[in-house]
1. If you take the residues in the stretch B:131-167 that are without any contact (Cβ under 8 Å) to a residue 40 or more places away in the chain and either of a type in the set (Ser, Thr, Tyr) or in contact with a helix residue (DSSP H, G or I) (Cβ under 7 Å, 6 or more places away or on another chain) (or both), which one is surrounded by the most Cβ atoms within 10 Å (Cβ to Cβ)?
2. Is it the case that the stretch A:349-360 has a residue that's touching an Asp or Glu at 6+ places or on another chain (Cβ under 6 Å) and assigned to a helix (DSSP H, G or I)?
3. Within the group B:Lys162, B:Lys158, which residue is among the charged types (D, E, K, R) and in a loop (DSSP other than H, G, I, E, B)?
4. List pairs: first in the stretch A:275-303 and among the charged types (D, E, K, R), second assigned to a helix (DSSP H, G or I), Cβ under 7 Å, 6+ apart or cross-chain?
5. Among the residues of the stretch A:82-116 satisfying the criterion of being closer than 25 Å to B:Met92 by Cα and of a type in the set (Ser, Thr, Tyr), which is surrounded by the most Cβ atoms within 10 Å (Cβ to Cβ)?
6. Keeping to the stretch A:215-260, report how many residues are in a helix (DSSP H, G or I), touching a residue at least 12 places away in the same chain (Cβ under 8 Å) and surrounded by fewer than 17 Cβ atoms within 10 Å (Cβ to Cβ).
7. With the structure loaded, tell me whether A:Val136 is buried (at least 19 other Cβ atoms within 10 Å of the Cβ), in contact with a Lys or Arg (Cβ under 9 Å, 6 or more places away or on another chain) and not assigned by TED's automatic domain parsing to the domain that holds A:Gly249 or whether it fails that test.
8. Given (1) farther than 30 Å from A:Thr157 by Cβ; (2) among the small types (Gly, Ala, Ser); (3) part of a strand (DSSP E or B), identify the lone condition not met by A:Ala133.
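The values are calculated or read from the model by the stated rules, or taken from the named source; none is laboratory data. Everything numeric here is computed off the predicted structure, so don't read it as measured data. Neighbour counts run over all protein chains shown; Cβ positions are idealised from the backbone, glycine included.
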Amino acid sequence: MITTILTTIAIVGGMAGFLALLLVVAEMFFANYGEVIIDINGKRKLKVKGGSSLLSTLNENKIYLASACGGRGSCGFCKCKVRSGGGPLLPTEKPFLSPDEIKDNVRLSCQVKVKEDIAIIIPEEIFNVRQFAGVVSKIEDHTYDIKELTIQLTQPTEINFKAGQYVQLQSPRYGKIKQKVSRAYSISSSPDHTDYIQLIIRRVPDGICTTWVHDFLKEGDEVSFTGPFGDFFIQDTRADMLFVAGGSGKAPIKAMLEYLDARNSTRRMGYFFGARSRKDLYLDDLFATWEKSMRNFAYYPVLSQPTEQCEWDGRCGYVMPYFDEFIQDVNNTEAYLCGSPGMIAAVVKYLVSKGIPKEKIYFDSFA
Amino acid sequence: MEINAFIIFIASIFTSNILLTNFLGMCSFLSVSKEVESSVGLGLAVVFVMTLTTALNYVVYHMVLVPLNIVYLQYIIFIIVIAAFVQLTEMMLERFSPVLYYSLGIFLPLITVNCAILGVSLFMIIRNYSFLQSIAFGAGGGLGWLLAILALAGIRQKVRYKFVPKGLQGAGLSMIITGIMAMAFIGFSGIVVIQ
């Protein structure tokens with residue numbers, strides 16, 4: 001009985017082992033494509049070992065294309081343009097690509113194998129995504145639950161991003177929290193300052209990262225983050241700009257306005273800041289100076305629950321009814337929203353009903 | 001069993017089609033039958049793999065499993081042999097014949113675990129086929145599978161332009177079509193008997 005079991009195991013194991021060995025040897029001989037060169041955007045050349053997928057090869061070289069499925073060809077996020085090399089379009093990619101993309105040589109990088117020299121085009125932004133280390137040089141209290149951090153970069157010492165993008169801040173293990181987490185926060189400083197970034201962070205009850213920022217983080221502490229990410233940018237048009245953001249959603253708007261102010265923008269702009277009460281207002285002086293320096297910019301704070309009616313002679317209730325004060329021509333207005341998914345859905349619905357085209361509404365939604 | 005290998009070959013294409021009479025290999029059959037072009041690619045890959053793994057498994061069974069008296073291990077051994085063979089074929093194709101790789105090779109991973117392929121190897125043992133008969137059975141079984149997926153893909157391409165009730169779109173309608181095709185193939189039954 002025992003011998004039967006043992007011989008069975010030995011035979012199955014032996015055969016599987018033999019075949020596995022055969023495959024390993026075969027892989028060494030057949031799947032060895034030597035060194036190949038990946039040309040990225042015609043600017044950078046990577047010397048890599050051929051044989052694996054473009055996505056994983058790029059990842060190994062610290063260029064991170066988005067991918068949700070981990071390279072199985074089921075999410076369709078890892079698209080990039082392949083100018084030469086990479087073989088023909090595969091049936092496994094087709095369902096994820098539009099006719100225009102196919103014409104444009106867009107491929108799923110997880111399905112493209114690097115077997116020969118290959119030339120690809122990826123958005124410049126992805127190049128910039130990397131790990132940063134910095135020191136907290138300043139922590140400002142804006143309200144009872146909102147702080148603004150200034151992080152001076154130490155390694156590397158420069159960051160390039162677009163106003164409106166965000167970074168993922170990593171919180172370390174602290175107190176009873178045994179895990180490191182990373183959370184996304186919009187950069188609130190202008191991209192003109194490349195040696196530091198600012199983040200506006202609102203305390204989330206029981207939030208791991210925000211509790212760390214609010215209760216544990218001190219000036220002089222070292223922090224790390226990755227970024228920049230996101231596609232919430234200022235569109236380079238001449239349309240009127242309607243900004244809507246409350247709470248810490250003010251961060252990307254602040255970055256955008258600071259950037260526009262530095263360029264003496266004359267575009268018509270209106271920023272509707274929705275808050276509950278007076279104690280939730282912050283950075284009002286800064287926005288007031290921008291109202292003076294940019295003649296076409298107006299700041300509209302709106303309080304949904306004024307603490308005492310008499311104390312506030314400004315706008316009351318929800319922000320949406322006040323949009324009429326700003327909107328002149330719905331076909332020449334772009335909207336930039338930042339806030340919770342619920343707020344964004346409500347504002348988008350309202351703006352669309354007003355006649356603003358959906359494709360001109362840009363937003364950054366945080367849960 | 002003394003049946004002419006050629007009869008087995010013809011019979012396994014039509015009268016005892018592995019897919020339409022045994023309903024084996026359904027998952028890749030349903031998922032890759034949207035277009036005629038890719039279904040032919042997958043079908044040809046199945047023909048190739050089925051023919052060769054049947055031959056390979058015949059040799060393994062009669063040279064290894066029977067002498068060692070471990071025929072009860074046929075399932076696991078057959079699976080390992082098929083998987084290794086498919087992997088090796090894919091590697092070689094990719095290296096030496098890129099054209100063939102891009103038309104057939106990319107489907108190989110899909111059929112590593114195709115039950116029709118294992119099914120043919122197991123039937124060959126149950127039915128006591130000789131080596132020649134087994135090869136004919138493997139090749140015929142593959143061609144039968146190709147015929148079935150080609151027919152389904154052709155029909156699905158037509159259906160694409162027709163109204164299909166929401167609940168039946170995709171796999172639902174494909175199953176019904178397959179069922180009707182299987183019934184049509186019953187027309188061939190009884191002409192020859194191979195089992």
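1. Among them, the one singled out is B:Ala151.
2. Narrowing the stretch A:349-360 to residues touching an Asp or Glu at 6+ places or on another chain (Cβ under 6 Å): A:360.
Then drop every residue that is not assigned to a helix (DSSP H, G or I), which leaves A:360.
Within the stretch A:349-360, one or more residues are touching an Asp or Glu at 6+ places or on another chain (Cβ under 6 Å) and assigned to a helix (DSSP H, G or I).
3. Step by step, each of B:Lys162, B:Lys158 is checked, and only B:Lys162 is among the charged types (D, E, K, R) and in a loop (DSSP other than H, G, I, E, B).
4. Pairs that qualify, where the first residue is among the charged types (D, E, K, R) and the partner is assigned to a helix (DSSP H, G or I), are A:Arg278/A:Glu311.
5. A:Ser109
6. 1
7. Working: buried (at least 19 other Cβ atoms within 10 Å of the Cβ): no; in contact with a Lys or Arg (Cβ under 9 Å, 6 or more places away or on another chain): yes; not assigned by TED's automatic domain parsing to the domain that holds A:Gly249: yes.
Spelling it out, it is not the case that A:Val136 is buried (at least 19 other Cβ atoms within 10 Å of the Cβ), in contact with a Lys or Arg (Cβ under 9 Å, 6 or more places away or on another chain) and not assigned by TED's automatic domain parsing to the domain that holds A:Gly249.
8. Every listed condition holds for A:Ala133 apart from (1).
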